[in-house]
Amino acid sequence: MDKILISGGHKLKGKIHISGAKNAALAILPAAILSDGICRIENLPNISDITLMCRILADLGVDVKMVDEKAIEIDPRKMRSSVASYELMRSIRASCYLLGALLAKFNESTIYLPGGCDFGTRPIDQHLKGFTALGATHNIDGGMINVRCERLVGSNVYMDVVSVGATVNIMLAAVKAEGLTVIENAAKEPHIVDLANFLNCMGADIVGAGTDIIKIKGVKSLKGTNYSIIPDQIEAGTYLTAAVATGGEITIESVTPKHLESITAKLKEIGAELIEGNDSIHIKCSGDLKRCNVKTMPHPGFPTDMQPQITTLLSIVPGTSIVNEAVWDNRFRYIEELRRMGANISVDGRLAVIEGVENLTGAPVKATDLRAGSALVIAGLAAKGKTVISNIHHIERGYESIVEKLRSLGADICRISEEEIKSTEACSV
Ligand code: UD1
């Protein structure tokens, strides 16, 4: 398998385009099976998680047609109720959205329990609580979960924890249920709003997405529509953080600055200068960087999916910073890898205490999950010397053309095979 080789120490400079949001697309693609016609979905990111979701849909009999590099047509009219293959389901967390979508379509859904990034226990009790409230029963057997009902009837669901996945799944199940469903303590992430907008374009009646209370009045049918996915705020935040870590100056285009407020606020606190346009952010970092503390929270708090990237940046900021991971119980595994590069970070449960060092130094490291992988890319860009990152399939799950985008910003980075790694200076640009 290929690796990523980075010769660090180049300031990022220039402009890049941000791709469509992975997590919005992963909710919208299964939602499209609820339509009675064809849905055309645009601004899809070209990443392996999306390819996998499309293969799962095709495995279920959905007609999935790539219209161009970023647009797809989904025709679910010949779809049958069946179970997608274990190999496909286990590698992608969002496959659990098929529980809600298939339940709404066929009154029954059976899926293999989902996989995805491993950063602690990932229960689905809140998803099941929602399905039960709507009148479904469930059974887990042989690594599979079956959810079924006579019919779905709208209800009140109070979520005990704020869960993106459970909010998505309950929305999908409720959209064609009889009567009104009210989700309280709902997740407010931009992709929840994007999913609601998409379903409303199909004819759903959803209000309140983006607040704690989402009200869904069930409709009899949903029609095909054309829809464009929002930009990926985590991809955007990753490039902004990389720019600061290298002391660079970049502009990211095709973004929604509002979706990035908790991230840009932290980067300003650390010492970056930012100028926001309607759909762009310019970031510059020339002065001294300042330590800060970060606590991850559901939206609009600081996103857990930016935690590894900001921790990596703080590892080269003078002083002591504390990062509190309040969403997942085991999301610091990548720190072991950062330590190989000279980072001085101690971890105690959900707290990371970071003593900023002057420099990181290049080293062979391994991506342990998607965002951990992008954090190692940032570390490699900022470090002195060469970094070789293995297990890059994790990174390719969520970052479209990351190597090409960073090269266009002046980074010395390339994808390289095991054999090439052995030859010297293989990657000078
Ligand atoms: C989604 C994102 C993931 C992100 C996470 C939190 C997708 C495909 N993935 O994951 O990148 O890190 O949101 O922003 O969009 N929980 C329960 N019971 C449940 C469900 C969740 O206790 O039934 C807990 C989890 O253990 C976790 C917290 O709730 O501590 C948040 O999880 P959730 O928001 O559901 O994450 P995902 O939807 O899996």
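Data for the structure
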| read-out | value |
| --- | --- |
| Residues of the stretch 153-173 classified as in contact (Cβ under 8 Å) with a residue 60 or more places away in the chain, in contact with a Gly (Cβ under 9 Å, 6 or more places away or on another chain) and within 11 Å of residue 100 (Cα to Cα), total | 6 |
| Complete set of residues in the stretch 383-429 that are of a type in the set (A, V, I, L, M) and either at pLDDT below 95 or over 21 Å from residue 340 (Cα atoms) (or both) | 402, 403, 406, 409, 411, 416, 421, 426, 429 |
| Check on residue 79, without any contact (Cβ under 8 Å) to a residue 60 or more places away in the chain and more than 22 Å from the chain's Cα centre (by Cα) | yes |
| The stretch 33-55 - residue that is within 16 Å of the ligand (Cβ to nearest atom) and free of Cβ contacts under 8 Å to residues at least 60 places away in the same chain and, of those, nearest to residue 254 (Cα to Cα) | 50 |
| Selection count, the stretch 296-310, where residues are in a strand (DSSP E or B) and either out of contact with any strand residue (DSSP E or B) (no Cβ under 6 Å at 6 or more places or on another chain) or within 9 Å of the ligand (Cβ to nearest atom) (or both) | 1 |
| Pair list, Cβ under 6 Å, 6 or more apart: the stretch 1-14 residue touching a residue at least 60 places away in the same chain (Cβ under 8 Å), other residue of a type in the set (Val, Ile, Thr) and not in a strand (DSSP E or B) | 4/392; 11/246; 12/246 |
| Spans of helices (runs of 4 or more DSSP H) in the stretch 21-103 with at least 2 residues at pLDDT below 95 | 48-59, 86-90 |
| Selected residue (criterion: nearest to the ligand (Cβ to nearest atom)) from residues of the stretch 143-186 that are among the polar types (S, T, N, Q) and buried (at least 21 other Cβ atoms within 10 Å of the Cβ) | 163 |
| From the options 106, 131, residue that is modelled with pLDDT of 80 or more and in contact with a His (Cβ under 7 Å, 6 or more places away or on another chain) | 131 |
| Residue within the stretch 362-373 that is farther than 22 Å from residue 287 by Cα and more than 26 Å from the chain's Cα centre (by Cα) present | yes |
| Candidates 179, 210, filtered to the one that is in contact with a Lys or Arg (Cβ under 6 Å, 6 or more places away or on another chain) and either outside the structural domain of residue 44 (by TED's automatic domain parsing) or modelled with pLDDT of 95 or more (or both) | 210 |
| Selection within the stretch 207-217 - more than 16 Å from the ligand (Cβ to nearest atom) and either crowded, with 20+ Cβ neighbours inside 10 Å or polar (S, T, N, Q) (or both) | 211, 216 |
| Of the criteria (1) closer than 30 Å to residue 410 by Cβ; (2) within 13 Å of the ligand (Cβ to nearest atom); (3) out of contact with any His (no Cβ under 8 Å at 6 or more places or on another chain), which one residue 191 fails | (1) |
| The stretch 328-347 - residue that is under 18 Å from residue 241 (Cβ atoms), assigned to a loop (DSSP other than H, G, I, E, B) and of a type outside the set (Lys, Arg) and, of those, farthest from the ligand (Cβ to nearest atom) | 341 |
| Options 58, 84; residue that is more than 16 Å from the ligand (Cβ to nearest atom), crowded, with 19+ Cβ neighbours inside 10 Å, without any contact (Cβ under 8 Å) to a residue 40 or more places away in the chain and under 24 Å from the mean Cα position of the chain (by Cα) | 84 |
| Among the residues listed as 286, 262, 280, the single one being within 14 Å of the ligand (Cβ to nearest atom) and closer than 24 Å to residue 16 by Cα | 262 |
| Check on residue 316, touching a strand residue (DSSP E or B) at 6+ places or on another chain (Cβ under 6 Å), outside the structural domain of residue 123 (by TED's automatic domain parsing) and either part of a helix (DSSP H, G or I) or buried (at least 16 other Cβ atoms within 10 Å of the Cβ) (or both) | no |
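The values are calculated or read from the model by the stated rules, or taken from the named source; none is laboratory data. All of these numbers come straight from a predicted model, not from anything done at the bench. Backbone-built Cβ (ideal geometry, glycine too); neighbour counts: all protein chains shown.
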